[in-house]
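No value in this document is a laboratory result; all are computed from the given coordinates. What you see is a predicted model, and the numbers here were worked out from it, not measured in a lab. Glycine gets a Cβ as well: all are built from the backbone with ideal geometry, and neighbour counts include every protein chain shown.
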Amino acid sequence: MTAFYRPLGEDTFRSTEHTVGPWGPDSQHLGPPSALLVRALMARRPTFARVTFEVLGPVPVAELTVSTSVERPGRSVELLSASLSHEGRVVLTARAWHIVGSDTTAVAGGDVTGMAPPSSAVPMEIPDFWSGGYLAAVEWLSVSGGIFTPGDAQVWARPRVAVVDGFEPSPLERLFSVVDSASGVSSRVDIRKWYAINTDLTVHLHRQPVGEWVGMDARTTIGPDGTGLATSTVHDVEGPVGTTAQALFVRER
């Protein structure tokens, strides 16, 4: 299986061409590095209720180093952190809340309506000007809208490659490989003419995902002063699993 990263050591990874994002051949889409940090955090705790990423700069398509720590230990809840560095400079951080599981079946509820299943969706059209890299490393299906159709969208995505070469990705890794794309699938601008870059990503999960497919019911709002907000309800084939939010830097190229 091909992968977003090849391991060079316990905490060091070489980025592959599958990580390349829309802003240039030397910078990554945020999906793969987000999944790489979550994979490292899962080595400490297996589940998360919330993960927030702060983008401190472009993530280069290069050799990267991952580090993790426990910021707030506890028996019921713990706050974990992780960072991704290139040549000693931190380019992406993550902070994750782990909540110890318990049986709340008797009071479970409040889900929004599920999305139409992947079997009812159609392949999303990919234009020639961005047809490789990360976009080609993910299978995209459209229920409505999509990356190059401005406005709200419902999209299913399934990574075609592993996060790290030689290791089968977990459902949580698959989810974090693609949910940063919520701002892309619901974009209201032409990325050839406008920048619409997220400065962060926050993912809240009310249950852990299952399976290979990740659904995003996404929408983007752009204000009059250069900022925007992208949000989505995230689904697996069994229904909603959580939500995402991204602040956007919006500028004409």
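To the nearest 0.05, how large is the calculated FRET efficiency for Arg75 and Asp111 if R₀ is 30 Å and r is the Cβ-Cβ distance? Please list the in-between numbers first.
Numbers: r = 29 Å, r/R0 = 0.95.
It comes to 0.55.
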Task: Amide hydrogen neighbours beyond the local backbone of Val138, cut-off 5 Å, H modeled - done: Arg160
TODO: Give me D for the stretch 94-172 in µm² s⁻¹, whole number, from Stokes-Einstein with Rh from the Kirkwood sum over alpha-carbon pairs, 10 °C and 1.306 mPa s.
DONE: 99
- [ ] Find which of Ala49, Ile126, Phe167 sits farthest along the positive direction of the dipole of the chain, computed with +1 on the beta-carbon of Lys and Arg, -1 on that of Asp and Glu, about the Cα centre.
- [x] Ala49
Task: For the stretch 91-229, radius of gyration divided by Kirkwood radius, i.e. Rg to Rh on alpha-carbons - done: 0.97
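Can you sort Glu87, Glu54, Glu10, Glu173 from fewest to most other Cβ atoms within 10 Å of each residue's own Cβ?
Working: Glu87 10, Glu54 14, Glu10 6, Glu173 22.
Lowest to highest Cβ neighbour count: Glu10, Glu87, Glu54, Glu173.
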Open item on the list: Based only on other Cβ atoms within 10 Å, what is the fewest-to-most ordering of Arg160, Arg75, Arg95?
Closed with: Arg75, Arg160, Arg95
Task: Along each principal axis, Cα extent of the chain, largest first, Å - done: 49, 48, 41
- [ ] Mind sorting His206, His98 by how few other Cβ atoms lie within 10 Å of their own Cβ, fewest first?
- [x] His206, His98
Task: Whole-Hz ³J(HN,Hα) from phi, Karplus 6.51 cos²θ - 1.76 cosθ + 1.60, for the stretch 111-117, glycine and proline x - done: 4, 7, 5, x, 7, 4, x
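To the nearest 20 debye, what charge dipole does the stretch 65-220 have about its Cα centre, counting +1 at the Cβ of each Lys and Arg and -1 at the Cβ of each Asp and Glu? Intermediate values should be presented prior to the final figure.
Numbers: 12 positive and 17 negative charges, 60 e Å.
That gives the stretch 65-220 a dipole magnitude of about 280 debye.
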Task: Note, ³J(HN,Hα) from phi for the stretch 228-241, Karplus 6.51, -1.76, 1.60, rounded to Hz, x at Gly and Pro - done: x, 9, 10, 10, 7, 9, 9, 10, 10, 5, 9, x, x, 10
Open item on the list: Roughly how far apart, in whole Å, are the Cα centres of the stretch 197-253 and the stretch 6-47?
Closed with: 19
TODO: Calculate I(q)/I(0) for the stretch 177-219 by the Debye formula, one identical point scatterer on each C-alpha and no solvent, and give its log10 at q = 0.19 Å⁻¹ to two decimals.
DONE: -0.70
Task: Residues with amide H under 5 Å from that of Gly151, placed H, sequence gap 5 or more - done: Ser187, Arg188
